[in-house]
Amino acid sequence: MKSRVLWPPVRTSAVKVALSASYCRQIVSSYYETLIDTAWRDQCETEGRQFSSPLFRLHASSLPGSCSDFQCRAGLTCSCSEDSVLVEGCNEVELRVGLSNTRESSVTRQLSVLSSDLAYIGYELHKKPQMFLANSIDVHAVFVTKDGYLPLVRSLATNRNGSIEKQASLDRTRSTSSLSSKTGSISSKTSLRAPVVLPKWSLPTGQPEPSTCNILTYKDLISRNAEEVHKELVESVFRSLHDMLGIKTPSSDPAALLALHFDKKHNNKPELLFILKSGLTSIELADIFKKSKAKNLYELAFIRSKDLKTPLNQNEKMPFCQVVERKISQSQVEAQSVGDIFKSFIKLTQKHSSVDLTKAKF
């Protein structure tokens with residue numbers, strides 16, 4: 001599927017949410033559900049997981065630019081030559097949201113024979129490759145400082161098990177509740193406040209949490225709850241800034257949807273990138289970070305907005321900055337230490353030359 005970059009970005013007040021039980025992940029057959037169950041149990045044994053938590057699912061959006069070729073949209077054969085489009089002058093965006101869960105997301109987002117089969121069956125039967133995939137929503141904050149830097153975070157080595165290869169975990173459930181994939185029901189309200197693990201340098205990242213706005217089953221996906229879901233979607237962006245940077249930016253501050261990205265390395269899972277402009281400089285932000293609890297979980301670095309336009313050098317290095325004794329110190333980091341979503345974001349800004357984050361108006 002083609003990612004969409006919105007320019008100018010669309011303010012969150014113009015991002016609408018539509019809810020429907022038909023926007024949930026559909027079940028293709030008991031045979032494939034058994035395969036998903038088996039894969040989930042294997043992951044639980046390997047990674048020490050215990051419970052599946054509810055997640056919001058992006059069924060579709062109102063944005064133009066969808067690709068009609070199955071090979072470009074989902075599954076192992078993804079081969080789209082134009083992987084993104086620039087959507088200019090968009091006044092409003094509708095996100096069509098349903099429910100999924102961690103169990104379904106952790107299995108169907110992997111590029112595997114199982115997930116490819118599910119995508120192919122969805123296309124063959126309904127011309128909808130994502131119909132049987134979880135498509136859970138993650139949000140990312142492009143937080144532009146007053147002096148034109150973007151903060152990036154990475155879990156401290158002790159919090160990422162000393163490894164940068166482990167996939168980031170956004171399953172933040174720490175309760176005894178579980179979501180039934182077949183009924184969409186949840187046994188009790190969950191608490192989803194465990195820290196997000198980011199093994200590689202990434203934008204502040206989070207997930208909107210259905211239980212926070214009392215969306216507990218598919219029966220709650222009705223129009224009168226759309227405002228609460230929209231509020232939680234926006235709150236999750238600001239929550240990521242608080243959890244990872246230590247700042248207490250009120251959610252009433254301006255924010256805008258900058259891009260809808262489809263992560264090809266995870267079966268075109270949707271990622272929503274929001275842009276926010278800060279009144280803080282990078283040094284002031286670093287001061288706040290050092291006094292916050294976030295420093296116990298994450299490392300902080302910066303990249304200049306103008307460096308996003310610079311191609312990787314021959315040594316596959318990227319220009320990063322850190323604040324040392326209230327001075328900005330420049331250095332080079334290995335590209336392999338940078339998360340895939342941020343790398344994709346860099347490619348989007350390089351492809352669409354008109355996108356200048358410091359001049360974004362919303």
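The values are calculated or read from the model by the stated rules, or taken from the named source; none is laboratory data. Since the structure is predicted, the reported quantities are computational estimates derived from the model, not experimental observations. Please note: Cβ atoms are built from the backbone with ideal geometry, for glycine as well, and neighbour counts cover all protein chains shown. Just the protein is used for accessible areas: all its heavy atoms, side chains included, with ligands, DNA and RNA removed. Shrake-Rupley method; radii C 1.70, N 1.55, O 1.52, S 1.80 Å.
As an exercise: evaluate VAL5 against (1) surrounded by fewer than 21 Cβ atoms within 10 Å (Cβ to Cβ); (2) of a type in the set (A, V, I, L, M, F, W, C); (3) modelled with pLDDT of 90 or more and give the number of the one condition it does not meet.
Only one criterion in (1) surrounded by fewer than 21 Cβ atoms within 10 Å (Cβ to Cβ); (2) of a type in the set (A, V, I, L, M, F, W, C); (3) modelled with pLDDT of 90 or more is unmet by VAL5, namely (1).
Out of CYS44, CYS24, I need the residue that is surrounded by 13 or more Cβ atoms within 10 Å (Cβ to Cβ), without any contact (Cβ under 8 Å) to a residue 40 or more places away in the chain and of a type outside the set (Lys, Arg). Which one? Can you show your working first?
Numbers: CYS24 fails: without any contact (Cβ under 8 Å) to a residue 40 or more places away in the chain.
Going through CYS44, CYS24 in turn, the sole match is CYS44.
Could you tell me whether the range 1-20 includes any residue that is within 15 Å of ARG109 (Cα to Cα) and touching a Cys at 6+ places or on another chain (Cβ under 7 Å)? Break it down stepwise before answering.
Of all residues in the range 1-20, those within 15 Å of ARG109 (Cα to Cα) come to 1.
From what's left, touching a Cys at 6+ places or on another chain (Cβ under 7 Å): 1.
Yes: the range 1-20 contains one or more residues that are within 15 Å of ARG109 (Cα to Cα) and touching a Cys at 6+ places or on another chain (Cβ under 7 Å).
Among the residues of the range 323-330, is there at least one that is part of a helix (DSSP H, G or I) and either of a type in the set (A, V, I, L, M) or without any contact (Cβ under 8 Å) to a residue 12 or more places away in the chain (or both)? Quick ask: steps written out before the conclusion?
Initially, the range 323-330 is screened for residues part of a helix (DSSP H, G or I), giving none.
No, that holds for no residue.
Condition test on ILE215, is it farther than 19 Å from ARG57 by Cα and crowded, with 18+ Cβ neighbours inside 10 Å? Please lay out each step first, then the result.
Values: farther than 19 Å from ARG57 by Cα: no; crowded, with 18+ Cβ neighbours inside 10 Å: yes.
In short, no.
Every residue in the range 6-38 that is farther than 17 Å from LEU58 by Cα and outside any helix (DSSP H, G or I), please.
Selection gives LEU6, TRP7, PRO8, PRO9, VAL10, ARG11, VAL28, SER29.
Residues in the range 3-18: is at least one closer than 19 Å to ARG103 by Cβ and not acidic (Asp, Glu)?
Residues of the range 3-18 that are closer than 19 Å to ARG103 by Cβ, as a first pass: none.
No, the range 3-18 contains no residue that is closer than 19 Å to ARG103 by Cβ and not acidic (Asp, Glu).
Take residues that are open to solvent by 10 Å² or more (accessible area, probe 1.4 Å), modelled with pLDDT under 95 and at negative phi and tell me which of the strands (runs of 3 or more DSSP E) falling wholly in the range 61-155 contain 1 or more.
On the way: elements: 84-88, 93-101, 138-144, 149-155.
Strands (runs of 3 or more DSSP E) meeting the threshold: 84-88.
Taking into account only those residues within the range 346-362 that are touching a helix residue (DSSP H, G or I) at 6+ places or on another chain (Cβ under 8 Å) and not in a loop (DSSP other than H, G, I, E, B), which is nearest to ALA14 (Cα to Cα)?
My answer is LEU357.
Confirm whether LYS269 is of a type outside the set (Phe, Trp, Tyr) and out of contact with any Lys or Arg (no Cβ under 9 Å at 6 or more places or on another chain). Walk me through it before giving the result.
On the way: of a type outside the set (Phe, Trp, Tyr): yes; out of contact with any Lys or Arg (no Cβ under 9 Å at 6 or more places or on another chain): no.
So LYS269 does not fit the description; no.
What about PRO270, is it touching a His at 6+ places or on another chain (Cβ under 9 Å) and either under 25 Å from TRP7 (Cα atoms) or in a loop (DSSP other than H, G, I, E, B) (or both)?
Details: touching a His at 6+ places or on another chain (Cβ under 9 Å): yes; either under 25 Å from TRP7 (Cα atoms) or in a loop (DSSP other than H, G, I, E, B) (or both): yes.
Judged against the criteria, PRO270 is a match.
Within the group PHE320, PHE274, which residue is at pLDDT 90 or above, in contact with a strand residue (DSSP E or B) (Cβ under 8 Å, 6 or more places away or on another chain), crowded, with 21+ Cβ neighbours inside 10 Å and not aliphatic (A, V, I, L, M)?
On the way: PHE320 fails: crowded, with 21+ Cβ neighbours inside 10 Å.
Within the list PHE320, PHE274, the selection yields PHE274.
Would you check if ALA294 is open to solvent by less than 10 Å² (accessible area, probe 1.4 Å), in contact (Cβ under 8 Å) with a residue 24 or more places away in the chain and part of a helix (DSSP H, G or I)?
Criteria met by ALA294.
From the list SER282, SER354, which one is in contact with a Lys or Arg (Cβ under 9 Å, 6 or more places away or on another chain) and touching a residue at least 40 places away in the same chain (Cβ under 8 Å)? Write out each step before concluding.
Working: SER354 fails: in contact with a Lys or Arg (Cβ under 9 Å, 6 or more places away or on another chain).
Just one listed residue meets the conditions, SER282.
Name, by its number, the condition in (1) open to solvent by 40 Å² or more (accessible area, probe 1.4 Å); (2) in contact with a Leu (Cβ under 6 Å, 6 or more places away or on another chain) that does not hold for THR349.
It is condition (1) that THR349 fails.
Which residue is farthest from THR358 (Cα to Cα), if the candidates are limited to the range 27-41 and must be open to solvent by less than 60 Å² (accessible area, probe 1.4 Å) and of a type in the set (A, V, I, L, M)? Talk me through it step by step, then tell me what you get.
We begin by selecting, within the range 27-41, every residue open to solvent by less than 60 Å² (accessible area, probe 1.4 Å); these are 28-29, 32-33, 36-40.
Right, trim to of a type in the set (A, V, I, L, M) and you get 28, 36, 39.
On the way: VAL28: 46, ILE36: 44, ALA39: 44 Å.
Among residues in the range 27-41 that are open to solvent by less than 60 Å² (accessible area, probe 1.4 Å) and of a type in the set (A, V, I, L, M), the one farthest from THR358 (Cα to Cα) is VAL28.
Looking at LEU280, LEU260, can you tell me which residue is buried (at least 22 other Cβ atoms within 10 Å of the Cβ) and within 23 Å of VAL234 (Cα to Cα)?
Numbers: LEU280 fails: buried (at least 22 other Cβ atoms within 10 Å of the Cβ).
Only one candidate passes the filter, namely LEU260.
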